[in-house]
Structure formats: C-alpha cells, structure tokens
Amino acid sequence: MSIEGLQSVPSKAALVADSNKKTLGKNDFLKMLVAQLQAQDPLNPMDSTGFTAQLAQFSSLEQLQNINANLASMKNTQRATTNAKSVDFIGKVITASGNNFALKSGEETSLNYSLEQDAESVYLKIYDLDGNFVQDLELGAQASGKYVAGWDGRNFKGQSMPSGRYSFEVMAVDSKGDVVPSNTYTSGEVSGVNFKDGQANLLVDGQQIALGDVVQVMGQN
C-alpha cells in the first residue's frame, strides 16, 4: 500500500488552529485557489468563467485589505498630528463643555452657561465634589444666549468655602413652567497635556478635558 502524500495531510492541531481564525486573508484565499487547481480533474478542468470569477474575488479582497491598511495608516498619522498640535494649547485659556470648576477660597469665580430658549426664571445650583448642595444663585429672567455668572465662594449659610473643585447645574423654566434646555461650560488655563490610549487630554485646574469638548480658545490671561 502506497503511503505517498500522507505528509501533506494536515494534523489535528493544524486544523484546530485554522478553525480558530475568524477571517481569511488574501494568502489563505490564494492557497485555497492553488489547492483547487491542483485537485481538479484533468479530464474535466474548472470552467474558465468560474476561475475568472474567483480571480476577481481575490483581486477585490486584496484591494479591500490595502484600503484598510491605508485608512489605518492615515488614522495613525492624523492622531499623531492632533496630539502634536495639542501641546500648543499649553498656556492658553480654554472653554469646554462640562460643569466642573475650580474655586480659590476668598475669590469670586465665573460660571459659564447658555440657554437655548428664553427663560422666565433661571437658577444656578452649586455642589461640592461629593454632591452636597452648597449654594444657589437666583438670576431671574434671561433671554436665550450665553452667560457668565459670578459666585463669591460662599455657601447658603454665608460661610466661605475652601479652595477646590466644585460643580454646578442650570435650572431654567419658561413662562409656562416648562424646562428650558441649557448647557454648562468649564474654563481655565491649560497647564499640560496628558496622552492616554493614543488620545490627548488637556490638563486644566487638575481636571482632564478632551480636545473634542473644547469650544473656545483664548490667549493667556
């Protein structure tokens, strides 16, 4: 009995390894095509139309893989460029989406927000980082637009709050008592840039701000 060709039979381990692959690459596709040609019946060769179709599939697969590789390269290049430019923010004063802000005890701080519609009554509620209520500011009626409110750093008992980070929210209603949509912003000078997982985050008063959240950039104070 002839045993010629047994060495070409794939092992069980090889079959398991192949089954663990989730996708076939162009090299796998080409190997399958060559194996198909080698195994065809010489007296009944593969139809030329079918063979041409398989070659077209292989060409399409190769082009798609090349496109994916180019897109990945462009993405990495764009990310590197963005990260490099983020260093230019250091020393600049930015305004970004967010509701956290820094307070220096004994100093007034500014709270930035905007209203999307006219409001009959507007309140700003201030909390410490543990979520405890600190103070509310009654601002009356305001038209739609951007605003800056000042807080003297005192709580509802009139006591000066310690330096640190706080948060605030806007509560606004119209003449019918319906809630008016609003946005809150945080601002401060960028002291550095933190790179994590390929993304750049600006360091402002101890907090990290994503570049995509920045809505305004100004020079130094």
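The values are calculated or read from the model by the stated rules, or taken from the named source; none is laboratory data. In this text the structure is predicted, and so the values were computed from the model without any measurement. FYI the Cβ positions are ideal-geometry reconstructions off the backbone, even for glycines, and counts take in every protein chain you see.
Candidates in segment 162-205 are the residues that are of a type in the set (Lys, Arg) and within 30 Å of residue 120 (Cα to Cα); of these, the one that is nearest to the chain's Cα centre (by Cα) is 165. The residues listed here are 171, 161; of these, the one that is touching a Gly at 6+ places or on another chain (Cβ under 7 Å) and modelled with pLDDT of 95 or more is 161. Being in contact with a strand residue (DSSP E or B) (Cβ under 8 Å, 6 or more places away or on another chain), under 30 Å from residue 121 (Cβ atoms) and either in contact (Cβ under 8 Å) with a residue 24 or more places away in the chain or of a type outside the set (Asp, Glu) (or both) holds for only one residue in 208, 216, 159, and it is 216. Residue under question is residue 175, and the condition is that it be in contact (Cβ under 8 Å) with a residue 40 or more places away in the chain, outside any strand (DSSP E or B), in the same structural domain as residue 110 (by TED's automatic domain parsing) and not β-branched (Val, Ile, Thr); does it hold? Taking the combined requirement at face value, the residue satisfies it.
Selection over segment 193-215 of residues that are loosely packed, with under 13 Cβ neighbours inside 10 Å and in a strand (DSSP E or B) gives a count of 3.
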